[in-house]
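Peer 1: Here it is, the structure in full.
Please treat every number below as a calculation from the coordinates, not as lab data. Please read all numbers here as calculations on a predicted model, not as lab measurements. Quick reminder, even Gly has a Cβ in these numbers, built from the backbone with ideal geometry, and neighbours come from all protein chains shown.
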Amino acid sequence: AGSDAGDVDGDSDYDEREDQIFELTIQLIDTKLRLAESDFERDEARLHARRLEQRLDDSAAGSRAAGMELGVELTALEVRNARLEEEAKRARARIAQLEAAAAGGRG
């Protein structure tokens with residue numbers, strides 16, 4: 001009967017570890033989705049910035065006010081890009097942590 005109690009405890013530990021791995025996997029998936037969204041937004045912002053740079057180049061002969069407006073937009077996009085890159089960096093670090101934790105739980 002004592003060995004049955006040990007088996008139940010072992011099964012309980014195993015189930016708990018499986019639950020933790022499941023939760024970590026869900027967190028990993030969520031983090032990867034947010035990272036993909038962030039990467040997409042960053043890439044979109046970069047493309048928009050390139051278009052603005054082209055417009056700025058094209059309008060160089062145009063009014064100074066238009067050039068200033070585009071410069072302000074470009075600066076805002078550069079700031080947004082920097083924020084997105086930092087967010088992506090944090091998300092990648094979190095993914096690494098979750099993957100290491102999930103791998104440790106399986107070992």
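Peer 1: With labels modelled as points extended 7 Å from the Cα through the Cβ direction, what inter-label distance (nm, one decimal) is found for ASP43 paired with ARG90?
Peer 2: Taking the two extended label points, one gets 2.3 nm.
Peer 1: Within a Cβ distance under 12 Å of GLU78, other residues only, what is the Lys/Arg minus Asp/Glu net charge?
Peer 2: +2
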